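Structure first, commentary second.
The values are calculated or read from the model by the stated rules, or taken from the named source; none is laboratory data. Only a predicted model underlies this, so the values are computations on that prediction, with no experimental measurement involved. Quick reminder, even Gly has a Cβ in these numbers, built from the backbone with ideal geometry, and neighbours come from all protein chains shown. What goes into the accessible areas is simple: the full protein's heavy atoms, side chains included, and nothing from ligands, DNA or RNA. Shrake-Rupley method; radii C 1.70, N 1.55, O 1.52, S 1.80 Å.
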Amino acid sequence: QVNLVESGGGLVQAGESLRLSCAASGSIYRTTSMCWYRQAPGKQRDFVASITSGGATQYADSVKGRFTISRDNAKNTLYLQMDSLKPEDTANYYCNAVYTYRSYWGQGTQVTVSS
C-alpha cells in the first residue's frame, strides 16, 4: 500500500503563486513516473504534468510555461510550483504515483483562483 497526501492548495488571486506538495508513504524512487491531475466541478480529471524517474517532464499545453513539476526522492515528495495562476486553474489537484504493478491516487487538494 502507498499513501499519497496532497497539500498546499488554497484561495489566491489571479497572478499569484502556489506550491503543491504530495507526500508519499512509500518510496517514489521506485515509481516509473509521478503526475499531477486536476478536476473542476462537473468535468473529467485532466492531466497537468508528469515527471519520470529519470527526470523527464511533460506538461499540458494549458499550464506550459507557468507550472513546474519536480520531485525530491530523499523526501519521497512530489511538487508542483504554480505561477501566474488564472481563474481557469481552479480545480481539485490530485497526485498520481505510477509503479510497475499499479498506480496510486491521493485525495486531492483544492486550488481556487479568483479574478
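Listing for the model above:
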| read-out | value |
| --- | --- |
| Number of positions in the stretch 1-45 that are charged (D, E, K, R) and either in contact with a Gly (Cβ under 6 Å, 6 or more places away or on another chain) or in a strand (DSSP E or B) (or both) | 3 |
| Filter result (surrounded by fewer than 19 Cβ atoms within 10 Å (Cβ to Cβ), closer than 14 Å to TYR94 by Cα and touching a Ser or Thr at 6+ places or on another chain (Cβ under 8 Å)) within the stretch 19-43 | SER21, ALA23, ALA40 |
| Residue pairs meeting the criteria (Cβ under 7 Å; at least 6 apart or on separate chains; first farther than 20 Å from SER17 by Cβ, in the stretch 54-70; second in a strand (DSSP E or B) and aliphatic (A, V, I, L, M)) | GLN58/ALA49 |
| Close pairs from the stretch 38-52: first touching a residue at least 40 places away in the same chain (Cβ under 8 Å) and on the phi < 0 side of the Ramachandran plot, partner surrounded by 13 or more Cβ atoms within 10 Å (Cβ to Cβ) and polar (S, T, N, Q), Cβ under 6 Å, at least 6 apart | GLN39/ASN92; ARG45/GLN39 |
| Of all residues in the stretch 75-90 being of a type outside the set (S, T, N, Q) and in a strand (DSSP E or B), the one that is most open to solvent (accessible area, probe 1.4 Å) | TYR79 |
| Residues within the stretch 91-106 that are over 26 Å from ALA14 (Cβ atoms) and either open to solvent by less than 30 Å² (accessible area, probe 1.4 Å) or in contact (Cβ under 8 Å) with a residue 12 or more places away in the chain (or both), tallied | 7 |
| In the stretch 1-18, residue modelled with the lowest pLDDT [restricted to those that are open to solvent by 50 Å² or more (accessible area, probe 1.4 Å) and over 19 Å from PRO87 (Cβ atoms)] | GLN1 |
| Residues of the stretch 46-74 that turn out to be modelled with pLDDT of 95 or more and in a loop (DSSP other than H, G, I, E, B), as a count | 8 |
| Scope the stretch 60-115; condition over 23 Å from LYS43 (Cβ atoms), among the hydroxyl-bearing types (Ser, Thr, Tyr) and touching a strand residue (DSSP E or B) at 6+ places or on another chain (Cβ under 7 Å); matching residues | THR68, SER70, THR77, TYR79 |
| Number of the exception - TYR93 against (1) among the hydroxyl-bearing types (Ser, Thr, Tyr); (2) farther than 13 Å from VAL5 by Cα; (3) part of a strand (DSSP E or B) | (2) |
| Meets criteria (modelled with pLDDT of 95 or more and of a type in the set (Phe, Trp, Tyr)) for TYR99 | no |
